[in-house]
Amino acid sequence: MDTFGPPQRVLVRGEGAYVWDADGRRYLDLLAGIAVNALGHGHPTLTAAVSAQLGTLGHVSNFFATPTQIALAERLLQLAGAPEGSRVFFTNSGTEAVEAAFKMARRNRSGGPGGGTRTRMLALEGGFHGRSMGALALTAKAAYREPFEPLPGGVEHLPFGDTAALDEAFSAAAVAERGGVSALVLEPLQGEAGVRALPAGYLAHARRLTAAAGALLVLDEVQTGVGRTGSWFAFQQPEVGGGVVPDVVTVAKGLGGGFPVGAAIAFGERAATLLGRGQHGTTFGGNPVAAAAGLATLGVIERDGLLENARRVGDVLRTEIEAAGNPLVDGVRGRGLLLAVQLTRPVATEVASAALDAGFVVNAVAPDAIRLAPPLILTADQARDAARFFADVTVPDASAPDDRES
Ligand code: PMP
């Protein structure tokens, strides 16, 4: 088999929270395709919805709308608490949702303070937003960026969680010297950076500054959205969002329960001017089968109380792993079912590999941290199985991170 990376195990089947490899070995899936399979594998409702839609109307061009697409857009707007006039732009991935937001930011150029132009975008160090050129310009990691420079210009990366740096970036002096700000793009909880939470009050402060400057507050919830952190969107939790109403929210990963579908949700009357008809487009975005997958996923999350389950089982995972007191484990952080196990030594790659050998899929998200993003259907007993692995795991030596994903 030829791949772009090192050889990988071949997975052939999944059911619920488990997957099986080509040799018939079973694994508890604590990664869910990197925060994707919200309903686990082979969920009957999702399978039926997708099959029925494919048999009814599999695709139309975006010269037309479909009932499924309209219903998913309406449902997303409702769940996001988006006001009258809000719009949804459908994509096939998180990166494309961010790319659409990037274009919206560029469209927010004129009308800056004193009639000036908004030529700068702000993002945060540690931020991950995808790897197409616009999204990559927002992504902070040098190793992802440098081979592809020059990237679209005008993006400044601010130190993570630093309110003073945010104040400086919006200051009159910075605007006079470097131009106005069209958008601030950030993850309410940084996923790829190792599940890092912003300090309390940061988002509310960011909202005040962006509103005053006419800049868009873009929340990238590709990883944190659709129930992953125990609410529909992470920003809706008072401890995370402080009650902010964003201008744009990007989602993908969990939305289709495994089917590729993403969206950029633009809030309020201003939405229509940000990405008007003819200014952006994609053949597959809004595909009825993908929309049916999205509707079914949201429907099951609601029907089966999976937001509550994510909070409850996330707590079990966190407390049981911490209570086990393995000297290799320094603590568990995150919200709901997006967690990182902090290790006391940089041996995450070894721990991830030992986990596979023991029948658990996890991810070395940093040299010294393991990410857990299991299906939202994970049971407390399955969480206890996972915790037992972390209670017992031992690793002799140090190692490097595994950053093949995303
Ligand atoms: N934004 C965030 C916050 C992400 O975590 C990711 C994927 N890790 C992306 C964007 C890119 O999404 P995708 O891989 O679906 O293109």
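The values are calculated or read from the model by the stated rules, or taken from the named source; none is laboratory data. Source: prediction; values computed, not measured. We place every Cβ from the backbone using ideal geometry, glycine too, and count neighbours over all the protein chains shown.
So Ala366 clears everything in (1) at pLDDT 95 or above; (2) within 16 Å of the ligand (Cβ to nearest atom); (3) more than 13 Å from Gly194 (Cα to Cα) except one condition, right? Which one?
Failing condition for Ala366: (3).
Any idea which residue in region 247-284 is surrounded by the fewest Cβ atoms within 10 Å (Cβ to Cβ), counting only those that are among the aliphatic types (A, V, I, L, M) and more than 12 Å from Asn92 (Cα to Cα)?
Top of the filtered list is Ala272.
Being over 30 Å from Thr68 (Cα atoms), in a strand (DSSP E or B) and among the charged types (D, E, K, R) narrows it down to one of Asp381, Asp385, Asp330, so name that one.
After ruling out the rest, the residue left standing is Asp330.
Confirm whether Ala391 is farther than 22 Å from Leu189 by Cβ and at pLDDT below 95.
Working: farther than 22 Å from Leu189 by Cβ: yes; at pLDDT below 95: no.
Judged against the criteria, Ala391 is not a match.
Among the residues of region 157-177, write down those that are among the polar types (S, T, N, Q) and either over 16 Å from Thr119 (Cβ atoms) or within 16 Å of the ligand (Cβ to nearest atom) (or both).
We begin by selecting, within region 157-177, every residue among the polar types (S, T, N, Q); these are 163, 171.
Across region 157-177, the qualifying residue is only Thr163.
Go through the residues of region 216-237 one by one and say whether even a single one is out of contact with any Pro (no Cβ under 8 Å at 6 or more places or on another chain), on the phi > 0 side of the Ramachandran plot and surrounded by fewer than 20 Cβ atoms within 10 Å (Cβ to Cβ).
No - not one qualifying residue is present in region 216-237.
For region 286-297, indicate whether the set of residues that are under 21 Å from the mean Cα position of the chain (by Cα) and not assigned by TED's automatic domain parsing to the domain that holds Leu76 is non-empty.
No, that holds for no residue.
Just need a number here: residues in region 199-215 that are of a type in the set (A, V, I, L, M, F, W, C) and surrounded by fewer than 21 Cβ atoms within 10 Å (Cβ to Cβ).
Our first condition is that a residue be of a type in the set (A, V, I, L, M, F, W, C); within region 199-215, this holds for 200, 203-204, 206, 209, 211-213, 215.
Narrowing the set further to residues that are surrounded by fewer than 21 Cβ atoms within 10 Å (Cβ to Cβ) leaves 200, 204, 209, 211-213.
Within region 199-215, residues that are of a type in the set (A, V, I, L, M, F, W, C) and surrounded by fewer than 21 Cβ atoms within 10 Å (Cβ to Cβ) number 6.
Report the residue count in region 107-156 for those that are within 15 Å of the ligand (Cβ to nearest atom), assigned to a strand (DSSP E or B) and touching an Asp or Glu at 6+ places or on another chain (Cβ under 6 Å).
The total comes to 0.
Listed here are the residues, each with its yes/no results for (1) within 30 Å of Ala176 (Cα to Cα); (2) free of Cβ contacts under 8 Å to residues at least 60 places away in the same chain.
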| position | (1), (2) |
| --- | --- |
| Val50 | no, no |
| Ser61 | no, no |
| Phe89 | no, no |
| Val98 | yes, no |
| Met104 | yes, no |
| Arg107 | yes, no |
| Arg145 | yes, yes |
| Pro150 | yes, yes |
| Gly154 | yes, yes |
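Residue by residue through region 325-358, note down the ones that are buried (at least 19 other Cβ atoms within 10 Å of the Cβ) and among the β-branched types (Val, Ile, Thr).
Val329, Val332, Val341, Val347, Val351
Are any residues in region 58-106 part of a helix (DSSP H, G or I), within 16 Å of the ligand (Cβ to nearest atom) and closer than 19 Å to Pro260 by Cβ, and if so, which ones?
Matches in region 58-106: Gly94, Thr95, Glu96, Ala97, Val98, Glu99, Ala100, Ala101.
Is it the case that Val195 is at positive phi, out of contact with any His (no Cβ under 8 Å at 6 or more places or on another chain), in the same structural domain as Gly134 (by TED's automatic domain parsing) and buried (at least 24 other Cβ atoms within 10 Å of the Cβ)?
Taking the combined requirement at face value, the residue satisfies it.
From Gly85, Gly55, Gly114, grab the single residue that is modelled with pLDDT of 95 or more and not aliphatic (A, V, I, L, M).
Checking each option against the conditions leaves just Gly55.
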